[in-house]
Structures are given as C-alpha cells and as structure tokens.
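Beneath this line is the structure, given in structure tokens, with notes to follow.
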Amino acid sequence: MAAYVLACHGVRVLLLEAGRDYDPVSETPMFQLPADAPLRAAGTADKPFGFYDATVDGGWRVPGEPYTSAEGVNFMWWRSRMLGGRTNHWGRISLRMGPYDFKPRSRDGLGFDWPLTYEDLAPWYDRTEAFAGVYGSNEGLENTPDSSDGILQPAPAPRAYERLTRKTCDGLGVPVIPAHLAILTEPQDADRLSRMLWPNNETARRVTYDSMRSRAACYWATPCGRGCSIKANFQSTTVCLPPAQATGNLTTITDAMVREVTIDARGRATGVHYIDKKLRADRHASAPVVVLAASACESARILLNSRSSLFPDGLANGSGLVGKYVMDTVGAGVSGQIPALEYLPRHAEEGASAMHMYMPWWLYGEQAAGHLDFARGYHIEFGGGQRMPGYGAFSGIEPLTEGAYGQRFKEECRRYYGSFMYFDGRGEMIPNDDCYCEIDPEVVDQWGIPVLRFHWKWSDHELNQALHMQQTFAGIIEEMGGRVLSTVQTDGARAILAPGQIIHEVGGVRMGERPDDSVLNQYCQSWEIPNLFVMDGGPFVSNADKNPTLSIMAIAWRSSEYLVDQLRQGAL
C-alpha cells in the first residue's frame, strides 16, 4: 500500500522483497481439482494449507530461516517469502476497527489507547475499501462501523446453512449479518472510484482506473487461498503493485533479505543492508526515507538487529519497546453435524470460498456491566455446505454411520455430505508484558542474520474468552438440533489455539502519544529517526477482534500521505 500511494504521488520507490517474484495471473491454479494434486491436495508440513495454497515459499517454517521460543512457549510464526507476502494467502476478511477499539484503556482500564481515533481513520477506511473492493453491508451495530455510501460492493446472498444459522441465532439474540470480504462481487466502477480516490492527481487516477478495469468480478469457482488470476480478490500483487509500477516510479528487487537499517553520524536513516539471496552477497540500498513493512515481528527484528554506537539496543528503541507487546488473535472453534442439512438436493453452492455471513461481537452491554469474566469481545466466523470434497472430507464420519460398510457407507456419505458446520471465534487479546520477541543471542539464519526468540503468556482474559467461544458455539449447534462433534473444554488453555496460529500477530513497534512509551507517532514515524517509518502490523497498540489487514492498509495509506506532506515541506 505504501508503495502504491507514494508512487502515485511521484515519489521514486525502491521495493525490497525478501522472497521470490510471484505473479498470480500466471501462477494461480484456478481450475485444478484435488484429484489432480499429490495426496489429493492435502496439507503437509511444507504446505500446511494444502497443495494449492498460494504461499509458494514459506509457512510455519522457512528452510534455513529458523526462529526460537523461550522454554514452555510454542509460538507459531507464519512467513511468506514471496512478492505480496501474506496478501496472496489471507482469508480476505476486512473488518473495520470501531470507536471502542481505538480507546480500550479508557473503557476498561486495560492495555493502552491508540494516539488516534476511529474518526481519524474513517476516511482512509473508505479509500481502502473502495480501492481493494470489499463486499458487505451497513447494519448500524454497536462498534461495528458503517462505510460511507457507495463504498462497499454488494454482499452475496446467504447460502442454505448460513440462512439456517441466521434463523437459529435470531432466537438467541446473536446478530448474523453479511460478512465484509475483499472480493469483487461486481466489476468496480473504475471511473467514479478513481476520481474519488485521486481527485487532483491525473497520473494516480489514470493508473488506478486502468488497474480497476483489469479486474473481473468473482465467478465463484476457485478458493481465494490459491490466489486469483482474474484479480477478483485482493492481493497486493494484483491490486497495489500494478498501478504503482504503471506510474514509472516503482522499482522492485526480489530475493532481497534486509538485515539492518543504516544510519549516518547524525542518527538519520541512510538506507538498508540486504542480502542478495541468489548471489549470497551483501548489498546496500541508499534512500532519503526508509519504510519498513516486513510484517510486525520481522520489522521488529530488523530494528533490533540495527545496532550501532548511537543505538546500542537497536534502532528507534530508546523507549525499550521494540519487540514488546506483541499480540495475536484469540482463537477457538467447535464443529458439529446438523440433521436438518442431511439429504439436501445437490446444488451448486455458488459464492465466495469464504463466508457470506458472520457474527460481530454482541455482548458489549454485558461486558460493561461486569457479567463476563473476560474484558474484550470476539466475532464468529462459520462455514459448511457442499464444498468440493478434498482429502479428509469424510474423516470422522464413522461414529455417525454405526459401522456402515460398502454400499451403505456410500449412501451414508451422500446423506451427511454438506451437513457439517464449524464455528470459529476470533477475539481480542489484551497486550501484556510477557508477550514479546527479542534477538536470540546464539542462533542465526543461513544469511548470518540473528533470529528472533519469542516469549508468550495468555492472560485469564484470553483463556476465559476461548471457553466462552466454545460454549457459545456448542449452544448454537444444539439449538440448530445438531450434534457437537468437538470436545468443549473446561480449561481455557486447552480451548485456545497456539499463539501465532491465527496469523494475526501485530504490535512490537507500537505507536503512541509520547516517545517514552512508544516507538512511533500516530503516522508510523519513528520518534528518534524522523526519516524512518514502519507501516505494517507493528504499530498496532491493541489487537481488536477485527482481522487486522484492512486496518494495516488504511493506516499505511494515511501515513504515506503524511510522509508525502513531510517530503514536500522539506522536513525529511
């Protein structure tokens, strides 16, 4: 996003990518079936999300690039070593943070407040949603902000299992509303949107118009996690970088592993040292401004490894907070089998590969009244239906079939196909002193760069939240007349997913009001090195239950506009 905005403003940008080049238009497996892949496209240690997943280099482990964890910690760090990074793989869920989410400490005395408000970021949410193409609806719900008129794409119609869930949850007082996902349900109005985004910039308007015109609406066939050759879903490789490239102001170097930011005698950033991975050679790139956007923990790692006599504890670390207050999303889930969905007529459940409906947090009043034993909320993502059967599609069916075999087993598979549902919670974690990353003093990667070591400890708020998730999901399944297939835990430590597993880690380079209690100001600018910015998840002060990608991009757009203003004023 920063490369797009800066290039549109005429700034010459050098983009250094740690992974290989990647082109979704030519590389996405759009029509291949599970039967066409090894192991019927099942997930493996090297491809955890399946053979066709868009992450071509990376995952929970990257060969030659380890990370470590403190004793008793099992932090899972997903890294995508490819142009576009995680935007090629993500679930496209695009939820705005609400007014409460920017001032959580003011509400309950826990965590920290952001140095900006929802109102400060709302215009940039509008721009980001319009640019990326986000479907959804405006429902006027508490702390679930509406978009401005003309911004959102039409939401796709709910499918059978989603309609049944909505009917059930209406009786439980749980709202079920159209989800917000970065997927085009219709072609973008390129003329109107490009003029709205860039009213006084002909070059930016032209390249944005051309880029939007090159995108097709989704035809509801290929899982988004594979990537998208028709550019219907949001990937930075198909949405941000092509118009940036078309300005003539962007140069991209792939296989360039940045190891440190360099400074001059005045303590100002002068560029970066990076490893040319193909030649295994050290290179230096000079620039008047440096923007780190390597993902939250990777950017913290670069700063911590940028040590010098002026900055012996790492760059921009005068507050001692680089690497501190890392957060992930709280996750827990339950699955069930719904008899009402048995024997459904075979039909094409056309729609997005992800959800059409979801459930935003609805118990703000109960929480404020002290009726819950955790301070922050979660939203519910759910799915099911008659999807393309892949490896393991009927695993776990045996307890339902009473030992059926042969022809009767086939009949039972047809009976139960499409009747399974899952419910997953995605909740807010409160930052704490025990969750941070630091440089491991003994381990380096294959490039000789010291690696990160992770520390982690969930608080009772997160553990109790995970229990509440499972109990709620089981209650919904039972209210639907279904059978709960998962074990509903009584110990939060067993209910909650491992730290990092949701792939929403943020923080570690947080923004704030003052240099003594933060690393960056509200524009993602280092307090100590004014020509150094961090524009990824690192600046996050809290981690609301809303998936972070949309907010990362909106904050990056806002910060990039500020950076351009600073350049024009000669302040950098």
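The values are calculated or read from the model by the stated rules, or taken from the named source; none is laboratory data. Here the structure is a predicted model, which means the values were calculated and not measured. Glycine also receives a Cβ, built like all others from the backbone with ideal geometry; neighbour counts cover every protein chain displayed. Surface areas here come from the heavy atoms of the whole protein model, side chains and all, with no ligands, DNA or RNA. Shrake-Rupley method; radii C 1.70, N 1.55, O 1.52, S 1.80 Å.
The candidates Trp447, Trp78, arranged from most to least accessible area with a 1.4 Å probe in the full protein assembly, appear as Trp447, Trp78.
The residues of region 60-152 present an accessible area of 38 Å² per residue when probed at 1.4 Å with all protein chains retained.
Applying 1/(1 + (r/R0)^6) with R0 = 56 Å to the Cβ-Cβ distance of Trp447 and Arg408 gives a FRET efficiency near 0.45. For the chain, the extents of the C-alpha atoms along the principal axes are 77, 49, 47 Å, listed from largest to smallest.
Relative to the longest principal axis of the Cα atoms of the chain, the long axis of helix 160-172 makes an angle of roughly 90 degrees. Working note: 222 nm ellipticity from helices only, DSSP H runs with n ≥ 4, each -39,500 (n - 2.57), summed and divided by the residues of the chain, gives -7500 deg cm²/dmol to the nearest 500. The charge dipole of region 1-94, taken about its Cα centre with unit charges on the Cβ atoms of Lys, Arg (+1), Asp and Glu (-1) only, comes to about 180 debye. The calculated FRET efficiency for the pair Arg266 and Lys457, based on their C-beta separation and a Förster distance of 41 Å, comes to about 0.55. With the convex hull of its Cα atoms as the shape, region 1-57 has an orientation-averaged projected area of 5.5 nm².
At 1.4 Å probe size, with the rest of the protein present, what percent of the exposed accessible area of the chain is carbon and sulfur atoms? Of the solvent-accessible surface of the chain, carbon and sulfur hold 49 percent. In region 239-280, Cα pairs under 8 Å separated by at least six residues give a relative contact order of 32 percent. Placing unit charges on each Cβ (+1 for Lys and Arg, -1 for Asp and Glu) gives region 246-347 a dipole about its Cα centre, and among Cys297, Ala265, Ser335 the Cα reaching farthest toward its positive end belongs to Ala265.
Couplings 3J(HN,Hα) for region 429-440, derived from phi with the Karplus relation 6.51 cos²θ - 1.76 cosθ + 1.60 (θ = phi - 60°), are 9, 8, x, 9, 5, 8, 10, 7, 10, 9, 7, 6 Hz, where x marks Gly and Pro.
Note that region 400-491 presents 47 Å² accessible area per residue, ligands and nucleic acids not counted, probe 1.4 Å. Measuring between alpha carbons in the structure, the pairs from Lys167/Lys457; Lys47/Lys277; Lys47/Lys278; Lys277/Lys546; Lys103/Lys167; Lys231/Lys546 lying more than 30 angstrom apart are Lys167/Lys457; Lys277/Lys546; Lys103/Lys167.
Placing +1 on each Lys and Arg Cβ and -1 on each Asp and Glu Cβ, with no other charges, gives region 427-572 a dipole about its Cα centre of roughly 380 debye. Pairwise Cα distances in region 460-572 exceed 23 Å for 49 percent of all pairs. Annotation: extensible slack from Thr68 through Glu398 equals 114.9 nm (criterion: 0.36 nm per residue apart, minus Cα-Cα distance). Along the axis of the charge dipole computed for the chain (Cβ charges of +1 for Lys and Arg, -1 for Asp and Glu, origin at the Cα centre), the listed residues Cys240, Met535, Thr44 are led at the positive end by Cys240.
Evaluated with a Cβ-only charge set (Lys, Arg +1; Asp, Glu -1), region 282-407 carries a dipole of roughly 580 debye about its Cα centre, given to the nearest 20.
Using C-alpha pairs under 8 Å with a sequence gap of at least 6, the mean separation divided by the residue count of the chain gives a relative contact order of 21 percent. Subtracting the Cα-Cα distance of Asp146 and Glu479 from their residue separation scaled by 0.36 nm leaves 116.9 nm.
Among the protein heavy atoms, those of Glu411 account for about 90 Å² of accessible surface (1.4 Å probe, every chain in place). For region 60-217, the alpha carbon positions stretch 56, 51, 39 Å along the principal axes, listed from largest to smallest.
Across region 65-115, the volume of the C-alpha convex hull divided among the residues equals 175 Å³ per residue. Electrostatic tally near Tyr209: other residues with Cβ closer than 13 Å to its Cβ, Lys and Arg +1, Asp and Glu -1, net +2. Model label points for Leu344 and Asp120, set 7 angstrom from Cα along the Cα-to-Cβ axis, are 4.5 nm apart. Using θ = phi - 60° in the Karplus curve 6.51 cos²θ - 1.76 cosθ + 1.60, the 3J(HN,Hα) couplings for region 108-124 round to 10, x, 10, x, 9, 8, 6, x, 9, 10, 4, 4, 5, 9, 3, x, 7 Hz; x is entered for Gly and Pro. With respect to the chain, whose longest principal axis is taken over its alpha-carbon atoms, helix 460-479 is tilted by about 30°. A straight Cα-to-Cα reach below 16 Å connects Lys410 with none of the lysines, residues fewer than 8 places away in its own chain not being considered. With all protein chains in place and ligands, DNA and RNA left out, the 1.4 Å accessible area ranks Leu292, Leu39, Leu110 as Leu39, Leu110, Leu292, largest first. Sites listed here are trypsin sites (Lys or Arg not before Pro) in region 333-397 whose DSSP assignment is loop and whose Cβ has at most 11 other Cβ atoms within 10 Å: Arg346. Taking only the alpha carbons of region 345-445, we obtain Rg and Dmax values of 21.6, 61 Å in that order. Close amide H contacts of Ala54 (hydrogens built in the peptide plane, cut-off under 5 Å, sequence separation of 5 or more or a different chain): Arg226, Gly227. Accessible surface of Tyr523, taken over heavy atoms with a 1.4 Å probe and every protein chain present, rounds to 60 Å².
As an equivalent ellipsoid, region 391-474 spans semi-axes of 44, 23, 9 angstrom, where each value is the square root of five times an eigenvalue of the C-alpha gyration tensor, largest first.
Residues within the reach of a label modelled at Asp170 (point 7 angstrom out along Cα to beta-carbon, backbone nitrogen below 15 Å), restricted to region 145-162, are 158-162.
What ratio of Cα Rg to 2.2 N^0.38 Å holds for region 247-393? For region 247-393, the normalised Cα radius of gyration comes out at 1.69. Projecting the Cα positions of Pro187, Ile177, Pro115 onto the charge dipole of region 88-204 (unit charges on Cβ atoms of Lys, Arg, Asp and Glu, taken about the Cα centre) puts Ile177 furthest along the positive direction. Among Ser194, Ser148, Ser309, the order of accessible area from largest down is Ser309, Ser148, Ser194, computed with a 1.4 Å probe on protein heavy atoms. Highest average first, the peptides 88-94, 328-334 ordered by how many other beta carbon atoms sit within 10 Å of their residues are 328-334, 88-94. Taking the longest Cα principal axis of the chain as reference, the axis of helix 296-305 is set at about 30 degrees. Taking 0.36 nm per residue of sequence separation and removing the Cα-Cα distance, the Arg61/Lys103 pair yields an extension gain of 11.6 nm.
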